[in-house]
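Report on the following structure.
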Amino acid sequence: QVRLVESGGDSVQVGGSLRLSCGASGITYTPSYMGWFRQAPGSKREGVATIAENGTLYYADSVKGRFTISRDNAKNTLYLQMDSLKPEDTAMYYCAATTSFNIGYPLRPATFRYWGQGTQVTVST
């Protein structure tokens, strides 16, 4: 069974930093893509950052230069370093993975099959 568990969400002030972690288990082969998505109240779920099996990185324009996605393959752990946080970053953050090799746009939530339970990030003004 594939299981993804996020951690690291918290409440921080504008300009602060957080580091999210996603532990993956039950995955025999390296997923084609893994990444982070977020959803704020009243908004659709959106892609934040993803990493392909070959190491290619994808970032939403809204977080480029502020967020960094990385992984530790030996520990089966995905990370999201978030710096210079803004109020608009407030959302539930989800870790996701897919085994499909032809998913099209890699930041599209609907193309990802496996999801974690989410971790809350709140950025105060």
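Structure above, values below:
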item	result
Linear extension gain, ASP72 paired with SER11, 0.36 nm per residue minus alpha-carbon span	19.4 nm
Label-point separation in nm, GLN81 to GLU46, each point 7 Å along Cα→Cβ	2.4
Accessible area per residue, Å², region 19-60 with all protein chains present, probe 1.4 Å	50
Contour excess over end-to-end distance, with Cα ends at SER124 and THR30 and 0.36 nm allotted per residue	30.2 nm
Carbon/sulfur fraction of accessible area - the chain, other protein chains in place, 1.4 Å, %	46
Per DSSP, loop trypsin sites (Lys or Arg not before Pro) in region 1-73 with at most 15 further Cβ within 10 Å	LYS44, LYS64, ARG66
Net charge of Cβ neighbours under 11 Å - reference PHE37; Lys, Arg +1; Asp, Glu -1	+2
Candidate lysines - alpha carbon under 19 Å from LYS64, same-chain residues fewer than 8 apart omitted	LYS86
Paramagnetic reach from LEU57 in region 83-120 [backbone N under 17 Å; point 7 Å along Cα→Cβ]	83-85, 106-107
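The values are calculated or read from the model by the stated rules, or taken from the named source; none is laboratory data. The model shown is predicted, which means the values in this text are computed figures rather than measured ones. Here the Cβ is made from the backbone with ideal geometry for all residues, glycine too, and neighbour counts use every protein chain on show. These accessible areas exclude ligands, DNA and RNA; they are computed on the full protein's heavy atoms, side chains included. Shrake-Rupley method; radii C 1.70, N 1.55, O 1.52, S 1.80 Å.
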